[in-house]
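Throughout, read-outs are computed from the coordinates displayed, never taken from laboratory work. Owing to the predicted nature of the structure, the values given are computational and were not obtained by experimental measurement. No Cβ is skipped: glycine too gets one built from the backbone with ideal geometry, and neighbour counts run over all protein chains shown.
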Amino acid sequence: MKIVELSIPESVKEILIQGGIIELNPPQVEAIRAGVLEGRNLVLASPTASGKTLIAELCAMKHVLERDGKVLYLTPLRALANEKYEEFNKYSSIIKPNGERVSVGITTGDYDGADPWLERYDIIVATNEKADSLLRHRAKWIDDISLVVADEVHLLNEADRGPTLEIVLARFMQINPEIQILALSATISNAEEIAEWLKAAYVTMDWRPITLKEGVILGDEIQFKDGESRKVEVFVEDPAVNLALNTVKAGGQVLIFTSTRERAVATARKAASKVRELLSKSIKRALEQEAEKVLSTGEKTRISELLADLIKHGVAFHHAGLSGDHRKIVEDSFRAGRIKVLTATPTLAFGVNLPARTVVIQDYRRYEPGYGYYPISVLEYKQMCGRAGRPRYDRVGEAILIAKTSDEVDYLMESYVLAKPERIWSKLAVEKILRSHVLATIAADYAHTEQGIYDFFSRTFYAYQYDIAAIETVITRILKFLFKEGMIEVAGSRIYATKFGKRVSELYIDPVSGVIIRDALRQQPLKVTELSILHMIAHTPDMKPLLRPSAKELDDVAVFMEEHREEFMIPPPDEWSDRIAYEEFLGEVKTAMVLKAWIEEVSEDEIIGRFGVQPGDLYRVIENAKWLLYATTELASLFDARSIQPLALELIERVEKGVKRELLPIVRLEGIGRVRGRILYNAGYKTIEDLRNAKIEDLMNLPSIGPSLAKRIKEQVGGFIRKETWEKLSQEEWKQKALTEY
């Protein structure tokens, strides 16, 4: 089936053909035949890179250009949302029947608002959590949505992300039974069941554009699924590195999945020197520039310096411990073909699109604190395999598991290579997960009786699989909790949210977090400090997972806790009567200690060394803290805790910037972070007025400032600058930019 034959607007055909898409592949053809362009709900389950997104694009443009509709594209991750936003932007040159251009918007953060500005966009890309938040705020433009695309719908199976997606889809089916739902999934064994829940047709195929060869390596020999075998050249003892070097030598790229961050870094280091020997001079020069980008982005730390050094060798690691900016540099450089070997934790398999000729699965077991090691699912294995083979570059992609014994070869062949992915099961029926969704159902006026609440949850995938009776007991228990804590009121058979309940739901926090913050605001200690508030938010379930103390840190954290006992809004549990709760409390204290160090301008490198915290973990805690501090200020208004509010408001900004109070006026300027802010302050520029009166020549001579930033500072603060000086600075800025681009 060719693009020109499709019943879609000519302007869409032109853009696709210009992009090199002339003909549909088999899954796309079957999706069209299933009626997806006529508005029929569809579950499309096929491997990574099989063209599922194109079907979403065709449906979206059909709704926007022919049905005057609005499209919501759901993704599980912010990085994936950014990727899809860029893909949809290619249609922004198309003119709609009303004379306006097709517009694409994206929203992934700030959960306290209806975002009315999104009304002007035809296609909106959002994370599942953001969509849930918008539904809680009853955004008016939600009623205009005629198509919902749910990407990675197999993540319904994940305990942390699945329930939110499930609720969002059930909610859309509740408020608009005529809405079209297009669910995109990896190959799964019960696509038909998900389709029945969504009242959809389904297409499930194993077709992929690049032939995939799956196998297991033992020593220097790979045994493939089809019975073939191949020897690999041995360079080092590590088989993962050997596979990588063989592929790079043949002109390909390699993605190595490891079980932990530590192994990702260790494997990258092992490969680095050998990979560099295989690189051309031009690639080495390009990699030097990529390494400089890493070092000039954010603070220099041991992690960033190690990453930069590895990138110079054509190797990198990718995991949640890296900052978002550094992850993006790595991703872009790998896509451009400069980085040849990328080691990563499995989260990458569910995230952005980074194909490689060879995928190596170094470990088929995962370590979970408290659970030990356990085998990964077949679905997770297949997701990793899906990254093998780069469209337009490779004819064949290889996905290789590593075995240590011949028995393990047989086990891996049977349990993974030849196995089918597991069924997807709803993970909704957990009280902690259901709490906020039950409250939201009442607070956002989706139901006002107990039966109405049951009716909504009967629309969920969980109820479809198990029957609503299976969670009625949990819902009843949650309703009792919400009533006891003053979040809902009952009048006869009617149930209403109180101001407290409605605000907690809108703030997108766990109702238990709302109760903890409210109670702490009411029972303030005699001495309220920054630590008091930082520990209080660390005590909430929304701050999990905590930064737990290692065995050697326990005593130091316990001593710190005793020294500051009078500052805690929540009293510490007894060490001997409840050891588990006590150690949990120490994790909260350590998390608060890390945040305190951050706002006292302790460097990232020192935080990493002192607390054993990776940059990615630090940023996660910072993001959570900002939101919980904001929630604290909002609830402080509700409960008239005026003494807390100014401190909490100040802490939001200090946590975001990582600075002491004195730097706040300076770091509000664009381009001035905690390091440059401190340089300016220590040089005597302590206020905006000081900067306004400063000579621009003096500013540009400060470390890390330079002419370009000095000019930007002056543009923001004002002040007199001679015309000749300004022109000279503009020329310097232009030269700098040209040199960087060269």
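Overall form of segment 459-567: oblate. Here a/c, set by the Cα gyration tensor axes a ≥ b ≥ c, is 1.5 or more, and a/b is not larger than b/c. Here the contact order of the chain, divided by its residue count and restricted to Cα pairs under 8 Å and six or more residues apart, works out to 10 percent.
Exposure proxy for W117, W627, W576: other Cβ atoms within 10 Å of each Cβ, ordered fewest to most, give W576, W117, W627.
Sorted on the mean count of surrounding Cβ atoms within 10 Å across their residues, most packed first, peptides 395-402, 486-493 read 395-402, 486-493.
Please report the antiparallel percentage of DSSP beta bridges with both residues in the chain, rounded to the nearest 5.
Taking every DSSP beta bridge with both residues in the chain, the antiparallel ones total about 25 percent.
Have a look at the DSSP beta bridges in segment 211-417 and tell me what percent are antiparallel, nearest 5.
If I count the DSSP bridges inside segment 211-417, around 30 percent turn out antiparallel.
Only helical runs count toward this figure. For the chain, summing -39,500 (n - 2.57) over DSSP H runs of n ≥ 4 and dividing by all residues gives -14500 deg cm²/dmol at 222 nm.
Cross-link reach is defined here as a Cα-Cα straight distance under 15 Å, omitting same-chain residues fewer than 8 places apart; for K284 the aspartates and glutamates meeting it are E292, D309.
Each of the peptides 530-536, 677-683, 265-271, 94-100 was scored by the mean count of other Cβ atoms within 10 Å over its residues; in descending order, highest first, they stand as 530-536, 265-271, 677-683, 94-100. Which pairs break 32 Å Cα to Cα here: K312/K660; K293/K711; K626/K695; K270/K552; K130/K484? Exceeds cut-off: K312/K660; K626/K695. Loop-located chymotrypsin sites (Phe, Trp or Tyr not before Pro) in segment 388-486 (DSSP state not H, G, I, E or B) with no more than 16 neighbouring Cβ atoms inside 10 Å: Y393, W425.
Shown for V4, V153: other C-beta atoms within 10 Å of each C-beta, ranked fewest to most, produce the order V4, V153. From the square roots a ≥ b ≥ c of the eigenvalues of the alpha-carbon gyration tensor of the chain, which class results: rounded (a/c under 1.5), prolate (a/b over b/c), or oblate? Rounded is the answer for the chain, as its axis ratio a/c remains below 1.5. When peptides 27-39, 272-284 are ranked by their average number of other Cβ atoms within 10 Å per residue, the highest-first order is 27-39, 272-284.
Under the classification rounded if a/c is under 1.5, otherwise prolate if a/b is larger than b/c and oblate if not, where does segment 69-227 fall, given a ≥ b ≥ c as square roots of the Cα gyration tensor eigenvalues?
prolate
If contacts are Cα pairs under 8 angstrom and at least 6 residues apart, what is the relative contact order of segment 211-417 in percent? Intermediate results must be reported in sequence, preceding the final value.
Numbers: 377 pairs, mean separation 61.2, N = 207.
This gives 30 percent for segment 211-417.
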